[in-house]
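Beneath this line is the structure, given in C-alpha cells, with notes to follow.
The values are calculated or read from the model by the stated rules, or taken from the named source; none is laboratory data. Every value quoted in this text rests on a predicted model; they were computed, and no experiment measured them. Positions of Cβ are generated from backbone atoms using ideal geometry, with glycine treated the same way; all protein chains shown enter the neighbour counts.
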Amino acid sequence: MFSGLIEETGIIAGMEEESEGKRLTVRCSKVLVDASIGDSIALDGSCLTVECFGDNYFSAVVSGETLAKTTLGDFRKGRSVNLEAAMRASDRIGGHFVQGHVEGVGRVRELRRGTDGTRLAVVLPEALLLAVVEKGSIALDGISLTVAAVGSNAVEVAVIPGTLERTTMKEWRPGREINVETDIIGRYILSYLEQMQKKTGSLTMKSLKDMGF
C-alpha cells in the first residue's frame, strides 16, 4: 500500500527481456533507505517487487500483464520515473490509499500554468471515469491528486508547485500517456452497485433506501 506522495524521481538505467516479462533497473537513492529484497516500490504508480538492489539502484521484473496494462511497456533507458516505497503501518497518510494496481492508461490533454496555479486535464477511459468524483482522489503516474472537475471524458486536477517540481509532471506534455488508479473506495461502491443492479434488474431511489443507503 502507498500514499501517492512521491519520494523521488529515478532514472531507468537498464531494461532486459525476461521469460516472464522485462527486468527494469532503476537508478535512485531515497526509496532504498532500509530496503530489503521482496519490498514493494511503486514506479509511476505500478507496484513492483525489489529483486536485487545496491547503494544507488534496484531491479525488478515486470510481468507481461503489467507491461500490457500500463505505460511500463513503452519505457526506454534514461526515462525519469516517480518512485515511492511502500508505507509502514505507523506512517502518516498525506495523500490517499494507493494500491499500486494500475487500472488503465490516461492521456494528458492539457497542462496549463497560470497566475492562479497549474491545472492538469487528463482524458480517461470511460470505465475509469465512472469511479471518479469531484473532490475525490486519483493517482496519476503514482501521484496522489484531488479531482477538481469531472467532464464527459476527462478529469481536471489542480496542481501545487511542490508536486509539479518534485515529480515527473514537470515533463508532461499533451498526448503523454500516464498510469491511472482511481480511489479504492469509489471502486468498491461502483462494484457493489453493479452487482445489486444485476440481482434486482434496476436501481431506484426506493431500492437504494431499502438497502440502507
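List the pairs whose first member sits in region 106-118 and is touching a residue at least 40 places away in the same chain (Cβ under 8 Å), whose second member is hydroxyl-bearing (Ser, Thr, Tyr) and surrounded by 12 or more Cβ atoms within 10 Å (Cβ to Cβ), and whose Cβ atoms are under 8 Å apart, counting only residues at least 6 apart or on separate chains? These pairs meet every condition: LEU111/THR118. Consider region 15-37 and keep the residues that are farther than 15 Å from ARG88 by Cβ and in a loop (DSSP other than H, G, I, E, B). The one that is nearest to the chain's Cα centre (by Cα) is CYS28.
When each of ARG109, ARG113 is tested for being of a type in the set (D, E, K, R), in the same structural domain as THR146 (by TED's automatic domain parsing), surrounded by fewer than 15 Cβ atoms within 10 Å (Cβ to Cβ) and in a strand (DSSP E or B), the lone residue that passes is ARG113.
Candidates in region 156-190 are the residues that are basic (Lys, Arg) and assigned to a loop (DSSP other than H, G, I, E, B); of these, the one that is surrounded by the fewest Cβ atoms within 10 Å (Cβ to Cβ) is ARG173. Just one residue in the set ARG88, ARG76 is farther than 17 Å from ILE143 by Cβ, in contact (Cβ under 8 Å) with a residue 12 or more places away in the chain, out of contact with any Phe, Trp or Tyr (no Cβ under 9 Å at 6 or more places or on another chain) and not in a helix (DSSP H, G or I); that residue is ARG76.
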